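The values are calculated or read from the model by the stated rules, or taken from the named source; none is laboratory data. Computed from a predicted structure; not experimentally measured. Here Cβ is always computed from backbone atoms with ideal geometry, including for glycine, and neighbour counts include all displayed protein chains. Ligands, DNA and RNA are stripped out before the accessible areas are found, and what is left, the full protein with its side chains, is counted by its heavy atoms. Shrake-Rupley method; radii C 1.70, N 1.55, O 1.52, S 1.80 Å.
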Amino acid sequence: MNITTLVFILLSVIAAGSAIMMITSKSPVHSVLWLIVVFFAISGHYILLNAQFLAIVNIIVYAGAIMVLFLFVVMLMNLNAETEPVKNHRLQLIGIVSGGSLLLILVAALMKIDVEQQVQMNVGDAGLIKVLGKTLFTNYILPFEISSVLFLSAMIGAVVIGKKD
């Protein structure tokens, strides 16, 4: 086994374990923190697949901005045990049936996978930032410039709206 396989297995165990901890955690804040660990493990998988741009965007956008938003929402909701709604047994039954159906579909899909086929990793340079930048600034320069003008006008609009008289 080479180092890439060991890192892949380690990242997979971290992602799966953190996802299980996220689901089974009693505290919503702890669930959000476990989800951040899952996002970092997925970013590690992106790096193994030679897609550094996706890894950085995943960390900045999902683990950074969206998880901070989730934390604020969870903290603003002020979830107390006294205000917890009564659990509906019909919804629990529907959740068990739909989860079991998903499990059956996953098992059926995994039974059709050919285990002998190897996956090539670190092949090509499609996910590199250099290739993305070159494509963005050669083939798609006009849409890129139009979107930058739109973002600039949105920022100016936000400043004008937020400015007090």
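Listed by first and then second residue, the pairs with beta-carbon distance under 7 Å, at least 6 apart or on different chains, first residue in segment 145-165 and closer than 30 Å to GLY133 by Cα, second of a type in the set (Val, Ile, Thr), form an empty list. Applying the condition of being modelled with pLDDT under 85 and acidic (Asp, Glu) to segment 115-165 and asking which residue is farthest from LEU48 (Cα to Cα) yields ASP165.
Being closer than 30 Å to LYS134 by Cβ and buried (at least 16 other Cβ atoms within 10 Å of the Cβ) is true for just one of LEU49, LEU35. Which residue is that? Checking each option against the conditions leaves just LEU49.
Consider segment 74-106 and keep the residues that are at pLDDT 75 or above and open to solvent by less than 70 Å² (accessible area, probe 1.4 Å). The one that is nearest to LYS26 (Cα to Cα) is VAL74. Would you confirm, using the coordinates I've provided, whether ILE60 is at pLDDT 85 or above, out of contact with any Leu (no Cβ under 9 Å at 6 or more places or on another chain), within 30 Å of LYS130 (Cα to Cα) and open to solvent by 60 Å² or more (accessible area, probe 1.4 Å)? Here the answer is yes, as ILE60 does meet what is asked.
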